[in-house]
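Undergrad: Just passing along the structure, written as structure tokens.
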Amino acid sequence: MTGRIHSFQSLGTLDGPGLRSVVFLQGCPLRCGFCHNPDTWDFADGKIMEAADVAARVRRYKSYFGTEGGLTVSGGEALAQAGFVAELFERCHRDGIHTCLDTSGCLHAAEEKALLAYTDLCLLDIKFTTEEEYVRYTGGSLHTTLAFLGRLQAAGVPVWIRQVIVPGLNDTPEQIDRLNALISPYGNVQKVELLAFHKLCIEKYQALGIPFPFDRYRAALPEDIAPLQARVRLPERKA
């Protein structure tokens, strides 16, 4: 099966545990105000590649992965090419390579069940903690993302939750309390990472001739993130 590839990162350290080969897919249905990869939005762009060829490329770095590393597929939106990712993950499992899905959970793809059967870890973006903010700032739905989190739990897939913190928008203790409440029913959530909003993507928007929607907000600093991260509470593990 073929997929549309935006780019590769040979060895990344920010996309799951350990050293990881990262495949960025092309195409995303969301328009998040803080998106740092607007060049991945267009479904018609990207390089078309066979899953077998991508798996072979990932296999070259296996000796660097150690016991924790592996492959992460990101985007764009990985669920938009769920069948392709399922085949890629299956091939990586044959080679003993850990697989990680980086997604917003914004879609319910027909191939999802096959994909989750070969997913060892999911990095799930919960972008905002109210439906109103979700629709306004991403064009997506919080309800859809939480429904996907439920299916991850049913499939037994461990999850790391991620959320971008934007000063002046979602950097309040009350917002973190809502996030804690949202994830509390899901015992498969192992970790919550609060990520600092930045503006390193502005040149990409300028090159595309489109405005950066969140240019009015300042970048987040470590001192913005630390007290909020300390307020995070993981769900209790079910016996």
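The values are calculated or read from the model by the stated rules, or taken from the named source; none is laboratory data. None of the values given here were measured: they were computed from a predicted structure. Using ideal geometry, Cβ is built from the backbone for each residue, glycine included, and neighbour counts are taken over all protein chains shown. Only protein heavy atoms, including side chains, enter the accessible area calculation; ligands, DNA and RNA are left aside. Shrake-Rupley method; radii C 1.70, N 1.55, O 1.52, S 1.80 Å.
Undergrad: Go ahead and estimate [θ] at 222 nm for the chain from helices alone: -39,500 (n - 2.57) per DSSP H run with n ≥ 4, summed, over the residue count, rounded to 500.
TA: Value at 222 nm, helices only: -9500 deg cm²/dmol.
Undergrad: Something else: Out of Phe148, Tyr118, Val135, whose Cα points farthest toward the positive end of the dipole of region 111-174 (charges: +1 Lys, Arg; -1 Asp, Glu; placed on Cβ)?
TA: Of the listed residues, the answer is Tyr118.
Undergrad: Any idea of the accessible area per residue across the chain, 1.4 Å probe, to the nearest Å²?
TA: Spelled out: the 1.4 Å probe surface of the chain, per residue, equals 46 Å².
Undergrad: Phe214's amide H: which non-local residues (gap 5+, or another chain) put their own amide H closer than 5 Å, with H modeled 1.01 Å from N in plane and none for Pro or chain starts?
TA: When sequence neighbours closer than 5 places are left aside, there are no close amide H contacts.
Undergrad: Which value, in debye to the nearest 20, describes the size of the charge dipole of region 1-124 about its Cα centre when Lys and Arg Cβ atoms bear +1, Asp and Glu Cβ atoms bear -1, and nothing else is charged?
TA: Here region 1-124 has a charge dipole of around 280 debye.
Undergrad: So for the pair Arg60, Gln190, with labels modelled 7 Å out along Cα→Cβ, what separation do we get in nm?
TA: Simple spin-label model gives 2.9 nm for this pair.
Undergrad: Hey, another quick one. Pairs of alpha-carbon atoms within less than 8 angstrom and 6+ residues apart define the contacts here; what relative contact order does the chain have, in percent?
TA: After rounding, I find 17 percent.
Undergrad: Any idea what the dipole of region 175-239 comes to, in debye rounded to 20, about its Cα centre with Lys/Arg Cβ at +1 and Asp/Glu Cβ at -1?
TA: In debye, rounded to 20, region 175-239 gives about 200.
Undergrad: Could you pull out the trypsin sites (Lys or Arg not before Pro) across region 179-234 that fall in loop regions by DSSP (anything but H, G, I, E, B) with no more than 11 other Cβ atoms inside 10 Å?
TA: Qualifying residues, ordered by number: Arg216.
Undergrad: With every protein chain left in place, what is the accessible area of Tyr64 in Å² (1.4 Å probe, nearest 10)?
TA: 130
Undergrad: For region 82-239, count all C-alpha to C-alpha pairs, find those more than 29 Å apart, and express that count as a whole percent of the total.
TA: 25
Undergrad: Could you please put Met49, Met1 in sequence from largest to smallest accessible area, using a 1.4 Å probe?
TA: Descending order: Met1, Met49.
Undergrad: Moving on. Taking every eigenvalue of the Cα gyration tensor of region 2-128, multiplying by 5 and rooting it, what semi-axes result, largest first, whole Å?
TA: Taking √(5λ) for each eigenvalue gives 21, 15, 14 Å, largest first.
Undergrad: Given Cβ point charges of +1 (Lys, Arg) and -1 (Asp, Glu) and nothing else, what value in debye, to the nearest 20, does the dipole of the chain about its Cα centre take?
TA: Charge dipole, the chain, about its Cα centre: 360 debye, nearest 20.
Undergrad: Can I ask one more? For region 125-223, which whole percent of the accessible surface, found with a 1.4 angstrom probe, sits on carbon and sulfur atoms?
TA: The value for region 125-223 is 57 percent carbon and sulfur by accessible area.
Undergrad: Separate question: May I ask you to give the percent of accessible area on region 1-82 that is carbon plus sulfur, with a probe radius of 1.4 Å?
TA: 51
Undergrad: Please report, to two decimal places, log10 I(q)/I(0) for region 68-145 at q = 0.11, 0.20, 0.26 Å⁻¹ as given by the Debye formula with identical point scatterers on the Cα atoms and no solvent.
TA: The Cα Debye sum returns log10 ratios of -0.30, -0.82, -1.16.
Undergrad: Now, a different point. Contour minus end-to-end for Asp215 and Glu174, with contour as 0.36 nm per residue of separation and end-to-end as the Cα-Cα distance?
TA: Fully extending the segment from Asp215 to Glu174 adds 12.4 nm.
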